[in-house]
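Beneath this line is the structure, given in structure tokens, with notes to follow.
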Amino acid sequence: MISMYAQIISPFICRMRILLFLFIALLAACSPVSMVKPLQKKQWAATATVGGPLVGFGGAVVPVPFTSVGAAYGVDSVSTVALRAHATAALFGVAQIDGAYLRQWRGQEGGIPGISTVVQATYMVDRWEGNSRFYPSLDVNAWWDVGKKGSFIYTGITSWYELKKIGTADRVQEHRWIPALNLGFTRSRGKWNTSFECKYLAPFTSHESLTVDYKAPGSNGAFGVYVGFTRKFGKP
Amino acid sequence: MKRIIILFLVATGLQACLRLDSQFFNVQELTTYELDNYTGERELPELPEAYDVDAENVHLFSLKSNDNGDVQTIYAIYLGDTARIATDTVIVYCHGNKHHMDFYWNRAKLMAHVGGEHRYGVLMMDYRGFGMSTGTTTESGLTTDVNTCMQWLKDHGLTGDRTVLYGYSLGSAPATTLAADPQSLRASKLILEAPFASAEVMVQDAALAALPASYFTDIRVDNAEKIQFVDQPFCWIHGINDDFLKIDTHGEVVYNHYQGSYREAHRIPEAVHNNVPAVMGYGEYVRVVGEFVGK
């Protein structure tokens, strides 16, 4: 795909964008399709996600194709733990793993949505120089059931935290809190869940002065689209 | 399920070597240099005829450049009288990351008018992989190829005290490297236009977070670090509205890391990455560069 783009786009800036949009995509990929509802007690699930922020490239708008695979386990009826590995990052020699703990605080009651939070830790390390990074994040989500087969819509906010105060070249790290707004739908059919999610990444940060041509309403942040698949195993 | 996971891990391990380095350099091959007759895209396309140069003062030649055993043929253009290299000051012009010398030809002509037409000699080269120069572009190859050209100048009688290194955009990498760590010649002055601070600054500008550059590239351009070892006089020129290498995160960082004997800054209002001379006005640009070279 990269080669195809390179043949279409020749200007220097566009060429550099190939390099740079993947970097931001790496970060965005750290928060793929949200975990919203817990599994049932002692239930296992396998997960896979694909998607990323939309960027302008050669006159077209394309999503960055980031992927992850993982597993989740229902600790009890309101708690689920999950482990996820990022496949696309791995292709570039970066091991990126997320560990997450979901807690449901309340179920839906009438029009009042169910509420859950996810505490996540992401660790990355590259095979080239051994550079590592650790990022904590917190999700808060609300959902409403749709129909009687377990489908639901949801919305929420993801907050990423940059722990480093100083960036490269002794620069003060300007962005310590990197939020994303989420809106999605999960279609549930038997053992399978399929989720479609839109994210508005870094909605309070202007993208006008960034090299990457992010696509989003207005001049802030980046808009992302994601698809997730969950296969549940065993009877709870 | 277990087999699938093992297969995935094995496949990932085998393929986990993708790098974006080859995408970094924006080269274009040429079979011949056309210079004034070139009809393709070029920088400063509106350069007035007043900045034309006589054909007898344009010398295209090739050199063998050996970068750790990777021997390539690189092409260079000398603007001026080669017989006067032994007595003239020469500006070694390191161009940016696009295509070839035809693309930057107008910039070279402009440089040939610094201090008056052919007051100073100008040498511009295509790094390996650019234009007619053979091979694949690499970060170390940039420095080697520029140094090879400086060795050629030295062989023609140039001395370090009459050598000025000029790096534009990507060219700031070899220029800064060779000013900080001289090889064939120790240049007496360094001029950087729209320089990189480092590959990592580019990454962190785009990613918002403090991610390391090593996640995707082996390229380690780090002018912010190397400029600290430059003690020759330093002139920095940057467009305030640079939309590619932002002035505050790239240019200012390089400028502020300089610890040498003399520095001057020219922050150009309204200018973006590739039009600083045009926005300044060609005459003013030539005057500013000329004053610094003549100090």
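Within region A:78-110, which residues are of a type outside the set (Val, Ile, Thr), touching a Leu at 6+ places or on another chain (Cβ under 9 Å) and away from chain B (no Cβ under 14 Å)?
Of everything in region A:78-110, those that are of a type outside the set (Val, Ile, Thr), touching a Leu at 6+ places or on another chain (Cβ under 9 Å) and away from chain B (no Cβ under 14 Å) turn out to be A:79, A:82, A:98, A:99, A:100, A:102.
From the list B:211, B:170, pick out the single residue that is in contact with a Lys or Arg (Cβ under 7 Å, 6 or more places away or on another chain) and open to solvent by less than 10 Å² (accessible area, probe 1.4 Å).
Of B:211, B:170, the one residue that is in contact with a Lys or Arg (Cβ under 7 Å, 6 or more places away or on another chain) and open to solvent by less than 10 Å² (accessible area, probe 1.4 Å) is B:211.
Just give me the residues in region B:231-250 being within 14 Å of another protein chain (Cβ to nearest Cβ) and either under 14 Å from residue B:190 (Cα atoms) or at pLDDT 95 or above (or both), in sequence order.
B:239, B:240
Could you identify the single residue in A:99, A:52, A:107, A:93 that is closer than 29 Å to residue A:190 by Cα and buried (at least 19 other Cβ atoms within 10 Å of the Cβ)?
When all the criteria are applied, what remains is A:52.
Taking residue B:185, is it part of a loop (DSSP other than H, G, I, E, B), without any contact (Cβ under 8 Å) to a residue 12 or more places away in the chain and in contact with a helix residue (DSSP H, G or I) (Cβ under 6 Å, 6 or more places away or on another chain)?
So residue B:185 fails the test.
Just to verify a result, which residue in region B:231-242, among those that are touching an Asp or Glu at 6+ places or on another chain (Cβ under 9 Å) and more than 23 Å from residue B:163 (Cα to Cα), is least open to solvent (accessible area, probe 1.4 Å)?
Here is the first cut: in region B:231-242, the residues touching an Asp or Glu at 6+ places or on another chain (Cβ under 9 Å) are B:233-241.
After this cut, where a residue has to be more than 23 Å from residue B:163 (Cα to Cα) as well, the list is B:239-241.
Details: B:239: 0, B:240: 77, B:241: 77 Å².
Here the answer is B:239.
Does any residue in region A:79-90 that is surrounded by fewer than 23 Cβ atoms within 10 Å (Cβ to Cβ) come within less than 8 Å, Cβ to Cβ, of a residue that is among the aliphatic types (A, V, I, L, M) and part of a helix (DSSP H, G or I) six or more places away or on a different chain, and which pairs are these?
From region A:79-90, the pairs are A:88/A:29.
Which condition number in (1) in contact with a Phe, Trp or Tyr (Cβ under 6 Å, 6 or more places away or on another chain); (2) more than 14 Å from chain A (Cβ to nearest Cβ); (3) farther than 18 Å from residue B:107 by Cα is the one that residue B:166 fails?
The one condition residue B:166 does not meet is (3).
Go through B:119, B:107, B:162 for me and flag whichever is more than 14 Å from the chain's Cα centre (by Cα), within 23 Å of residue B:49 (Cα to Cα) and either buried (at least 24 other Cβ atoms within 10 Å of the Cβ) or in contact (Cβ under 8 Å) with a residue 60 or more places away in the chain (or both).
B:119
Yes/no per residue for (1) open to solvent by 60 Å² or more (accessible area, probe 1.4 Å); (2) in a strand (DSSP E or B); (3) hydrophobic (A, V, I, L, M, F, W, C); (4) closer than 29 Å to residue B:234 by Cβ:
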| position | (1), (2), (3), (4) |
| --- | --- |
| B:56 | yes, no, no, no |
| B:60 | yes, yes, yes, no |
| B:64 | yes, yes, no, no |
| B:73 | no, yes, no, no |
| B:76 | no, yes, yes, yes |
| B:83 | yes, no, yes, no |
| B:87 | yes, no, no, yes |
| B:92 | no, yes, yes, yes |
| B:96 | no, no, no, yes |
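Give the residue, chosen from B:222, B:205, that is surrounded by fewer than 23 Cβ atoms within 10 Å (Cβ to Cβ) and acidic (Asp, Glu).
Testing whether each residue is surrounded by fewer than 23 Cβ atoms within 10 Å (Cβ to Cβ) and acidic (Asp, Glu) leaves just B:222.
Across region B:43-54, what is the number of residues that are touching a helix residue (DSSP H, G or I) at 6+ places or on another chain (Cβ under 8 Å) and either open to solvent by 30 Å² or more (accessible area, probe 1.4 Å) or closer than 21 Å to residue B:119 by Cα (or both)?
7
If we keep just the residues of region B:191-217 that are more than 7 Å from every other protein chain (Cβ to nearest Cβ) and in a loop (DSSP other than H, G, I, E, B), which is nearest to residue A:178 (Cα to Cα)?
Only one residue fits best here, namely B:196.
(1) surrounded by 20 or more Cβ atoms within 10 Å (Cβ to Cβ); (2) more than 8 Å from chain B (Cβ to nearest Cβ); (3) at pLDDT below 90: which one isn't true of residue A:169, the others all being true?
Here residue A:169 clears every test but (2).
With B:259, B:228 as the choices, which residue is surrounded by fewer than 22 Cβ atoms within 10 Å (Cβ to Cβ), within 14 Å of chain A (Cβ to nearest Cβ) and either part of a loop (DSSP other than H, G, I, E, B) or of a type outside the set (S, T, N, Q) (or both)?
Values: B:228 fails: either part of a loop (DSSP other than H, G, I, E, B) or of a type outside the set (S, T, N, Q) (or both).
The unique qualifying residue is B:259.
Restricting to region A:113-146, and then to whatever is within 14 Å of chain B (Cβ to nearest Cβ) and aliphatic (A, V, I, L, M), can you tell me which residue is most open to solvent (accessible area, probe 1.4 Å)?
Narrowing region A:113-146 to residues within 14 Å of chain B (Cβ to nearest Cβ): A:122-137.
Of the ones still in play, those that are also aliphatic (A, V, I, L, M) are A:124-125.
Details: A:124: 0, A:125: 41 Å².
Filtering region A:113-146 for residues that are within 14 Å of chain B (Cβ to nearest Cβ) and aliphatic (A, V, I, L, M), the one most open to solvent (accessible area, probe 1.4 Å) comes out as A:125.
Taking into account only those residues within region B:122-156 that are within 16 Å of residue B:61 (Cβ to Cβ) and among the small types (Gly, Ala, Ser), which is surrounded by the most Cβ atoms within 10 Å (Cβ to Cβ)?
Out of the qualifying residues, it is B:133.
Need pairs with beta-carbon distance below 9 Å; first residue within 14 Å of chain B (Cβ to nearest Cβ) and within region A:178-195, second open to solvent by less than 70 Å² (accessible area, probe 1.4 Å) and not in a strand (DSSP E or B); sequence gap 6+ or separate chains.
From region A:178-195, the pairs are A:178/A:27; A:178/A:162; A:178/B:208; A:178/B:209; A:180/A:28; A:180/A:31.
Exactly one of (1) open to solvent by 20 Å² or more (accessible area, probe 1.4 Å); (2) at pLDDT below 95; (3) part of a loop (DSSP other than H, G, I, E, B) is unmet by residue B:23. Its number?
All conditions pass for residue B:23, except number (3).
I'm trying to understand the selection: among the residues of region A:152-163, which are at the interface with another protein chain (Cβ under 9 Å from one of its Cβ atoms) and either buried (at least 16 other Cβ atoms within 10 Å of the Cβ) or small (Gly, Ala, Ser) (or both)? I'd like the intermediate steps shown before the answer.
Step one: filter region A:152-163 for residues at the interface with another protein chain (Cβ under 9 Å from one of its Cβ atoms), giving A:160, A:162-163.
A:160, A:162, listed by residue number.
The values are calculated or read from the model by the stated rules, or taken from the named source; none is laboratory data. Being a predicted model, the structure only gives us computed values, none of them experimental. Neighbour counts run over all protein chains shown; Cβ positions are idealised from the backbone, glycine included. The protein model used for the area step is the full one, side chains on, heavy atoms only, and it has no ligands, DNA or RNA in it. Shrake-Rupley method; radii C 1.70, N 1.55, O 1.52, S 1.80 Å.
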